[in-house]
1. Which residues, taken from segment 306-356, are modelled with pLDDT under 95, of a type in the set (D, E, K, R) and not in a loop (DSSP other than H, G, I, E, B)?
2. Any idea which of (1) part of a loop (DSSP other than H, G, I, E, B); (2) loosely packed, with under 14 Cβ neighbours inside 10 Å is the one Phe285 doesn't satisfy?
3. Assigned by TED's automatic domain parsing to the domain that holds Ser62 and either without any contact (Cβ under 8 Å) to a residue 12 or more places away in the chain or not small (Gly, Ala, Ser) (or both): is that true of Phe139 in this structure?
4. State all residues of segment 176-200 that are hydrophobic (A, V, I, L, M, F, W, C) and out of contact with any Phe, Trp or Tyr (no Cβ under 8 Å at 6 or more places or on another chain); if no residue qualifies, say none.
5. Looking at (1) at pLDDT 60 or above; (2) assigned to a strand (DSSP E or B); (3) in contact with a strand residue (DSSP E or B) (Cβ under 6 Å, 6 or more places away or on another chain); (4) not polar (S, T, N, Q), which one does Ile240 not meet, given that it meets all the others?
6. Scanning for something in a loop (DSSP other than H, G, I, E, B) and under 15 Å from the mean Cα position of the chain (by Cα), does segment 381-389 turn up at least one residue?
7. Within segment 215-235, how many residues turn out to be in a loop (DSSP other than H, G, I, E, B) and either modelled with pLDDT of 80 or more or out of contact with any strand residue (DSSP E or B) (no Cβ under 9 Å at 6 or more places or on another chain) (or both)?
8. Taking Thr484 as the residue in question, decide whether it is farther than 24 Å from Arg126 by Cβ and β-branched (Val, Ile, Thr).
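The values are calculated or read from the model by the stated rules, or taken from the named source; none is laboratory data. Note that this is a predicted model, so its numbers are computed, not measured. Note that we place each Cβ from the backbone using ideal geometry, even for glycine, and neighbour counts take in every protein chain shown.
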Amino acid sequence: LSLFFLLLLCTFCTSQINTLLAISIFHCKVCVFTQLSPEERRLLDSIAWPETPRLPVPISLSTASDPAHSTFTILPVRAGGQWHVGDELEALIQICDFQGRPKQFGGDFLVARLHDPELGAGVAGRVVDHLNGSYTAVFPLLWEGQVTLVHSSEAITVLRRLTTEQPGRVYFKSLFQSGSVSETMVCNVCLPPTQPLCNYTDLHTGEPWFCYKPKNLRCDTRINHYKGGFMVGKTDLYDIHITDVRFIFLSGQPEVKSSTVKPEPVGYYYQGAWRALGGTTVHQFNNPSAISQCLTDKVVHLHGDSTIRQWFEYLNSVLPDLKEFNLHSRRQNGPFMSVDMARNILVKFSCHAPPLRFSSIPTNELHYIANELDRLVGGSNTVVVIGIWSHFSTFPIVLYMRRLQSIRRAVLRLLNRAPGTLVVIRTANLKALTLSETLTNSDWYSLQRDKVLRATFKGLNVRLVDAWEMSLAHHLPHSLHPQTPIIKNMIDIVLSYTCPQKNG
């Protein structure tokens, strides 16, 4: 059993903090969501994170989490004796700072897994924050494991501030054009009212979107949407360093009392195949004929971001008789459509509406998922898959909550008029973190949105593909776009929901 840390440390100077505050105070007043509903307050409570330390100016790294000084201890078997396969293994993790002092508060972000690449086996563990600098990681004891510190509590403080104080650090643009006259304007969810605005708030869902009004063109001459870039000066605000992976060796302390934390994995990998612990039995669809037989006479609607587009691409790649109809769409955003005429199979993909960090998209291809669901007839031949999370990471969490709530209401309407419709929700997944990804798409941001998504759809007659746990438990590197073996297992889950075996 090995413990290693991937530690994010942040340093910045007094003048840079003053610059940050001057910028953020302005932006905070612009992008404020007031009058939260009881449901929204409940969702906020569901993602409550322990308080993290205020950062002194300048910050001293001597007080930040240090993998070289941190330790973990395997807790003894409750009944004494040896561990056996199937037991629960508990590890007590003590986070220390660079001076070797145990930290006295929680808020670090850790993930845990047991895995054996040779067996193609893996399972995610649960990490519990005791709010005093110590954590307990608990897994069903099946294979060797590891615990990763994704972000220190100090880094969480910075990530919180970034989202709260700079919600517009990723900005977007649109081209306005009429005849030979064209202008390019900045667009976003929230824009400082320093000049006239064009209001593109969706009339049906109430989702906000604005662009600065062109000087010489009307608002109805907007023809596209695309990612503009990152706020100028972003990298001047923080000097972020990611340390090398470090290993911390086990120390035995038999006097430590056993924990009472219970692991609750939803499934595990064995021989490369995902096996669910409860619920629908996951069957392996290992050849094109099995997949095609399951999808015969079905219409599959895929709505979401590029992690859902991967599913469309996977089905196209493994089904030789599924032919893509050329809609002359951009490969990044679609829309796409594939047909198997002989088996009456139709698979469609469309990306969700802004915020969307894609290249140029025609405005008439920007569709809110809730509106798309309201256009569906539905029924037992209809499969709807929804995956929306990654592009919301830099914005206030309430914006994401309200997007999901509008989708939830549309799902309820769909299931009310067509109860036989299968609705599948894909969760977020872990990623490889570069500097840019950390500032805009950190796993901590994804975790918060993942919790909100689960809470929003809890209790509805929808099915879940737990991409978070499936990416965590697998031995392959974390990636925004998981590799094919993981995608194959996700598709197997959807097909198992679509065509459950009677003995399953």
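1. Listed by number, the list holds a single entry, Arg330.
2. (2)
3. On the way: assigned by TED's automatic domain parsing to the domain that holds Ser62: yes; either without any contact (Cβ under 8 Å) to a residue 12 or more places away in the chain or not small (Gly, Ala, Ser) (or both): yes.
Considered against the rule, which asks whether it is assigned by TED's automatic domain parsing to the domain that holds Ser62 and either without any contact (Cβ under 8 Å) to a residue 12 or more places away in the chain or not small (Gly, Ala, Ser) (or both), Phe139 comes out as yes.
4. Just the residues of segment 176-200 that are hydrophobic (A, V, I, L, M, F, W, C), to begin with: 176, 181, 185-187, 189-191, 197-198.
Matches in segment 176-200: Phe176, Val181.
5. It fails just one condition, (1).
6. Within segment 381-389, one or more residues are in a loop (DSSP other than H, G, I, E, B) and under 15 Å from the mean Cα position of the chain (by Cα).
7. 7
8. Spelling it out, Thr484 is indeed farther than 24 Å from Arg126 by Cβ and β-branched (Val, Ile, Thr).
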